[in-house]
Amino acid sequence: MAGVRKLRSGTMQGWFKHYEGHRAFFTLGHRATRREVLNAAHTLEVEHAQIRQGVRPRPDQQGAILARPIGEVITEYLAWGAFQGARRGRPWTPKHQRTRAAQLGWWQEHLHLRVLGDCLGILPSVEPASYPQFLLSSVLGYAEGVKPLYPSYDHPLNTGTAYEQSGR
């Protein structure tokens, strides 16, 4: 049974029966009306009932991870680095933190990354994007910056893929 309640803040909170059998809560935003939240709750409950009954497949963990927004993943990675990303569990230096944030932002902008799944099989796009602007040392530095977003089998530094060295 789906439902709606009003929180102290005035936000409407909806609930529905999750496919695993427990009650799940959600909000659509502060300005959502009771009717909008209730309609969303009914829709979610129908979808989860279909999963429970075997009409729809159960969502897998990999699909959920690959659907995460890339900005959220980058923020999480930078927070981890600021806390314990360097050798022996020490934090990154402020300069390294700024450099890594700038490099990841550059890759996100130039490769049009929106979700983590966009990083799968992206190596053919990475090489042409990095060649014209930089010298070899910069290319390798920027490749190192995108390394956390690569699956281990697809990373150019792990696969031995060499960058061409062009003249200045």
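Answer yes or no as to whether A102 is farther than 29 Å from F25 by Cβ and either modelled with pLDDT of 85 or more or more than 23 Å from the chain's Cα centre (by Cα) (or both). Show your work before the answer.
Details: farther than 29 Å from F25 by Cβ: yes; either modelled with pLDDT of 85 or more or more than 23 Å from the chain's Cα centre (by Cα) (or both): yes.
Yes.
If a residue counts only when it is of a type outside the set (G, A, S), assigned by TED's automatic domain parsing to the domain that holds F16 and surrounded by 12 or more Cβ atoms within 10 Å (Cβ to Cβ), which helices (runs of 4 or more DSSP H) contained entirely in region 28-115 have at least 3 such residues? Can you show your working first?
Working: elements: 34-53, 61-66, 70-84, 94-110.
Correct list: 34-53.
Considering only residues that are under 26 Å from the mean Cα position of the chain (by Cα) and in a loop (DSSP other than H, G, I, E, B), look in region 1-21 and name the one that is surrounded by the most Cβ atoms within 10 Å (Cβ to Cβ). Quick ask: steps written out before the conclusion?
Taking region 1-21 first, the residues under 26 Å from the mean Cα position of the chain (by Cα) are 13-16, 18-20.
Cutting the leftovers down to in a loop (DSSP other than H, G, I, E, B) gives us 18-20.
Details: H18: 15, Y19: 19, E20: 10.
Filtering first and then ranking leaves Y19.
The values are calculated or read from the model by the stated rules, or taken from the named source; none is laboratory data. As the structure is a prediction and not an experimental result, all values here were calculated from the model. Using ideal geometry, Cβ is built from the backbone for each residue, glycine included, and neighbour counts are taken over all protein chains shown.
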